[in-house]
Amino acid sequence: MTARLLLVHSPLVGRGTWDQVAADLAGEGYEVGIPDLTGTVTAGPPYCSRQAQVIARSAGGQPAILVGHSGAGPLLGAAGAIIGQVRGYVFVDAGLPMPGQAWMETVPPDLAAQVREMADARGWLPPWSQWWGDEALAGLIPDPAERQHFAAGCPRLPLAMFEEIHPPAPRWPDAPAAYLQLSEAYQDEAARARELGWPVTEQMSHHLAPLTEPGRVAGSLRELIGQLR
């Protein structure tokens with residue numbers, strides 16, 4: 001399958017989430033791109049449609065396989081509709097496309113309330129790296145230098161982005177898809193992928209494994225890409 005791999009990071013974190021995985025895949029001969037969504041967070045609404053457009057432009061008019069981590073997953077259907085030449089989708093510990101819905105409508109009410117409580121008077125949230133505390137982040141990224149680099153790439157987040165309705169994806173799913181589960185938090189999404197008949201790989205580690213175990217994640221991606229039919 002000849003197609004450009006687009007490794008899409010969650011808008012809640014920086015593009016560096018994928019850097020090491022991209023280097024591994026490029027070394028195996030894949031053409032890899034990492035769309036940068038960080039600027040879309042500060043540009044104002046509409047957020048989701050702009051993010052889908054940035055992803056689509058990164059395809060450069062070529063057929064593409066879209067690989068989304070975490071909060072990037074819900075954007076892939078809309079991005080694929082713009083590209084029109086998607087050869088496959090891989091969701092990595094990610095939400096699935098939710099056209100016509102807002103993030104706040106799809107998460108447990110207590111999490112939605114927690115996010116709203118973090119917003120300041122102007123409607124801005126702290127960077128995702130600060131949401132769960134220093135100890136929790138250190139548990140995910142033990143290396144201090146790597147952890148500092150990751151945190152520096154995480155933007156402040158507008159509450160409005162989480163309340164915004166995702167754009168339509170009228171032909172979703174328009175290509176084969178697969179799922180890579182990294183943590184227990186995404187077991188429901190992985191179960192849904194199985195119900196849809198997608199190939200599913202469980203590589204139980206933690207949510208930020210693309211940063212700390214890039215070789216393993218890249219290997220699982222190669223296997224899943226090979227199963228896209």
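The values are calculated or read from the model by the stated rules, or taken from the named source; none is laboratory data. Note that the structure is a prediction, hence the values are computed from the model and not measured. In this analysis, Cβ positions are derived from the backbone assuming ideal geometry, glycine residues included, and neighbour counts consider all displayed protein chains. The area values use the complete protein model at the heavy-atom level, side chains included, leaving out ligands, DNA and RNA. Shrake-Rupley method; radii C 1.70, N 1.55, O 1.52, S 1.80 Å.
Some observations on this one:
- Residue in the range 163-184 that is outside any helix (DSSP H, G or I), within 29 Å of residue 28 (Cβ to Cβ) and without any contact (Cβ under 8 Å) to a residue 60 or more places away in the chain present: no
- Of 178, 160, 193, 209, all but one fail to be over 15 Å from the mean Cα position of the chain (by Cα), open to solvent by less than 10 Å² (accessible area, probe 1.4 Å) and modelled with pLDDT of 95 or more; the exception is 193.
- A single entry from 42, 17 fulfils the requirement of being among the polar types (S, T, N, Q) and either within 24 Å of residue 220 (Cα to Cα) or open to solvent by less than 50 Å² (accessible area, probe 1.4 Å) (or both): 17.
- Residues that are in a loop (DSSP other than H, G, I, E, B), at pLDDT 95 or above and of a type outside the set (A, V, I, L, M, F, W, C) do not occur anywhere in the range 66-83.
- Boolean, residue 1 is touching a helix residue (DSSP H, G or I) at 6+ places or on another chain (Cβ under 6 Å), modelled with pLDDT under 95 and not hydroxyl-bearing (Ser, Thr, Tyr): no
- With respect to (1) assigned to a helix (DSSP H, G or I); (2) surrounded by fewer than 18 Cβ atoms within 10 Å (Cβ to Cβ), the lone exception for residue 48 is condition (2).
- Number of positions in the range 20-39 that are open to solvent by 50 Å² or more (accessible area, probe 1.4 Å) and either over 19 Å from residue 216 (Cα atoms) or outside any helix (DSSP H, G or I) (or both): 5
Yes/no matrix, rows are residues, columns are (1) out of contact with any His (no Cβ under 8 Å at 6 or more places or on another chain); (2) among the charged types (D, E, K, R); (3) within 16 Å of residue 70 (Cα to Cα):
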| position | (1), (2), (3) |
| --- | --- |
| 136 | yes, no, no |
| 149 | yes, no, no |
| 172 | yes, no, no |
| 176 | yes, no, no |
| 189 | yes, yes, yes |
| 201 | yes, no, yes |
| 211 | yes, no, yes |
| 217 | yes, no, yes |
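- Conditions (1) part of a loop (DSSP other than H, G, I, E, B); (2) within 26 Å of residue 90 (Cβ to Cβ); (3) open to solvent by 80 Å² or more (accessible area, probe 1.4 Å); (4) of a type outside the set (Val, Ile, Thr): number failed by residue 142: (2)
- Residues in the range 71-95 that are open to solvent by 10 Å² or more (accessible area, probe 1.4 Å) and closer than 20 Å to residue 206 by Cβ: 71, 95.
- Scanning the range 93-139 for residues that are without any contact (Cβ under 8 Å) to a residue 24 or more places away in the chain and part of a loop (DSSP other than H, G, I, E, B) returns 107, 108, 120, 121, 122, 131, 132, 133.
- Positions within the range 163-175 being open to solvent by 80 Å² or more (accessible area, probe 1.4 Å) and of a type in the set (A, V, I, L, M, F, W, C), in sequence order: 165
- Looking across the range 213-225, the residues that are surrounded by 18 or more Cβ atoms within 10 Å (Cβ to Cβ) and either under 16 Å from the mean Cα position of the chain (by Cα) or under 21 Å from residue 187 (Cβ atoms) (or both) come down to 213, 214, 217, 218, 220, 221, 224.
- Some residue of the range 55-70 being buried (at least 17 other Cβ atoms within 10 Å of the Cβ) and basic (Lys, Arg): no
- Flag for residue 135 being charged (D, E, K, R) and surrounded by fewer than 12 Cβ atoms within 10 Å (Cβ to Cβ): yes
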